[in-house]
1. Taking the conditions exactly as written (out of contact with any helix residue (DSSP H, G or I) (no Cβ under 6 Å at 6 or more places or on another chain) and at pLDDT 80 or above), does C:Ala51 satisfy them or not?
2. If you go through the stretch C:105-120 one residue at a time, do you hit one that is more than 17 Å from the chain's Cα centre (by Cα) and farther than 28 Å from A:Ile64 by Cα?
3. Is there any pair linking a residue in the stretch C:10-21 that is part of a helix (DSSP H, G or I) to one that is surrounded by fewer than 19 Cβ atoms within 10 Å (Cβ to Cβ), with Cβ under 7 Å and at least six apart or on different chains, and which?
4. Given A:Phe50, A:Phe43, which one is assigned to a helix (DSSP H, G or I) and over 30 Å from A:Val133 (Cβ atoms)?
5. Give just the number: which of (1) of a type in the set (Ser, Thr, Tyr); (2) touching a Gly at 6+ places or on another chain (Cβ under 7 Å); (3) surrounded by fewer than 24 Cβ atoms within 10 Å (Cβ to Cβ) does A:Thr118 not satisfy?
6. How do the helices (runs of 4 or more DSSP H) wholly within the stretch A:68-164 filter down when requiring 1 or more residues that are closer than 20 Å to A:Ile175 by Cβ: which remain?
7. Considering only residues that are closer than 17 Å to C:Leu17 by Cα and buried (at least 23 other Cβ atoms within 10 Å of the Cβ), which ones fall in the stretch C:85-109?
8. Just one of (1) within 16 Å of the chain's Cα centre (by Cα); (2) within 10 Å of another protein chain (Cβ to nearest Cβ) trips up B:Val153, so point out which.
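The values are calculated or read from the model by the stated rules, or taken from the named source; none is laboratory data. Computed from a predicted model, the values in this text were never measured in an experiment. Neighbour counts run over all protein chains shown; Cβ positions are idealised from the backbone, glycine included.
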Amino acid sequence: MFEPDPNVSGVIKAAVLALDLVGTFVFAVSGAMAAVTRRLDFFGIMVLAFAAGNAGGITRDLLIDAVPPAAISDWRYMAVSLMAGILTFFWHRVIERLRSPVQIFDGAGLALFAVAGTEKALVFGLNPAIAAVLGMVTGIGGGIMRDVLLNDVPTVLRSEIYAIAALAGAAVVVIGRMLGLPWALVMVCGALLCFAIRIVAIRRSWRLPRASSSRQI
Amino acid sequence: MFEPDPNVSGVIKAAVLALDLVGTFVFAVSGAMAAVTRRLDFFGIMVLAFAAGNAGGITRDLLIDAVPPAAISDWRYMAVSLMAGILTFFWHRVIERLRSPVQIFDGAGLALFAVAGTEKALVFGLNPAIAAVLGMVTGIGGGIMRDVLLNDVPTVLRSEIYAIAALAGAAVVVIGRMLGLPWALVMVCGALLCFAIRIVAIRRSWRLPRASSSRQI
Amino acid sequence: MFEPDPNVSGVIKAAVLALDLVGTFVFAVSGAMAAVTRRLDFFGIMVLAFAAGNAGGITRDLLIDAVPPAAISDWRYMAVSLMAGILTFFWHRVIERLRSPVQIFDGAGLALFAVAGTEKALVFGLNPAIAAVLGMVTGIGGGIMRDVLLNDVPTVLRSEIYAIAALAGAAVVVIGRMLGLPWALVMVCGALLCFAIRIVAIRRSWRLPRASSSRQI
């Protein structure tokens, strides 16, 4: 399935996989927490954990023709998702003590997927601008699926800065890679930037302008 | 499109097609009934019949790279879906006399798609565990699409046993095939098990535990 | 990505691209206007513009295996979508003065995508009936995505004639091409027929029969 250029080192492949799996885990927790809040049953929690954790990656893989998508062909994605669901099922009260845990895990997943998705698209030979868009899609896909399944208007469309944070993280990866900067540094900076923008935007209630009472930004 | 291993007999191909078409029909009836209940017009009923009947199979075919999906490239899927929609349009009162007809047809579609989807994934060379997951996806996809289009939280997420029934049927197919049991027997047993679990779960209001007031299953 | 038969002239390719981009623009405006109406912020408007403008084309491209889809791999789709979103953000009051602007732009997008989608499917070698269905899918996909994201029951399922208008336009393209009629004439007639059916259906409140109080059409 995953056949990068031969000159891509095994280290990078392993690191992308690790980022992807951690992203899957935290997004799966966000999906499972949303399911617990809505009083879904055990299997509903598992389904939402899998959907939130993997919708972004599956969408990316379909778009870049990496089929079957890793989330289907690699058992670890399923295992990580179900583990997140089971942990949430038993310890959701612990997770709830975090302030707005769905948002924190969602933000972490957004950051991890944005950089991992961008990197995977670059590995598949897509051009940098498209790779950044695919990183954003990978990041926002899980949250959209979670919210659509639960009949909410997706977070990405509500009023806080969201997709733009993913795009910023993806842009760091693309630019850093073009400049030949060290891979690990670029990925960490991209993920941190995305996570920081997202969390600060929530905490300070940053909002983008709406198109209502004034005609200019 | 559908290019199985040469050693797969034509009989199995024909049987998978037949199961798929019957599954499409009953799911399409469930979609059309849901549309009638919501007072949609003739074309809305046709669209929901097609969407409910084919979303699961299209998703499976995209994921295993069997493109264009059979539901698009083979006119019989469209014909069967529209036939189901038209029958429902004219005779929905007859169908309504069944107790909770959407649930019964939905359950039958779930069972047929779970086994046919698993078999098709095996034919395409996917490993057994993934094939079972794809069977489940094929089974639950139609109902999810129907409910998302009608703005309901999908049945699979509500409190009755649903996806787990599909998974049980798919597991029977995978295990039976690995043991070399007769093909027809395996398919019939898988479908019956799935259907039985689903219907008994509805009738007896079986529920999986929720994550609310106690911390353990 | 887009590799038609060598005997397909460059003129047709360019014309399909132009129709596709104009369709993307008008659908993107319909998505952005819907977002403005719901008081989404700037980025939410951009996301809905992109989703409404490109969901139909992406679905078509995934189904005919034209991956990565043009909407992802060709920067012009993104540019046109964002331009539509930005124009709507600043001048939504001007657009609002049109009577029911979402419906008018939605109808124009439906018409343009139905003919362009049909043509692209024919170019990819699909048979005529399937090409017409894919044209319809291309046409209705954007509106469905827009409405699902905003938590509405999709327009296509509500009571006005919608998908059938797209199907009529697609049929004109298929039949005209089989008869060897001039390409431009066929495309213009198909698009006009679809747009006219859709708009007249809205204005005159044409409705298809429902399945409720009588048993026959």
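1. Working: out of contact with any helix residue (DSSP H, G or I) (no Cβ under 6 Å at 6 or more places or on another chain): no; at pLDDT 80 or above: yes.
No.
2. Restricting attention to the stretch C:105-120, the residues satisfying the condition of being more than 17 Å from the chain's Cα centre (by Cα) are none.
Looking through the stretch C:105-120, none of the residues is more than 17 Å from the chain's Cα centre (by Cα) and farther than 28 Å from A:Ile64 by Cα.
3. C:Ile12/C:Trp183; C:Lys13/C:Pro4; C:Leu21/C:Arg76
4. Details: A:Phe50 fails: over 30 Å from A:Val133 (Cβ atoms).
Unique residue meeting the criteria: A:Phe43.
5. That leaves (3) as the condition not met.
6. Numbers: elements: A:70-73, A:75-97, A:101-123, A:128-149.
Passing ranges, in order: A:101-123, A:128-149.
7. Step one: list which residues in the stretch C:85-109 are closer than 17 Å to C:Leu17 by Cα, which gives C:108-109.
Result: C:Gly109, single match.
8. (1)
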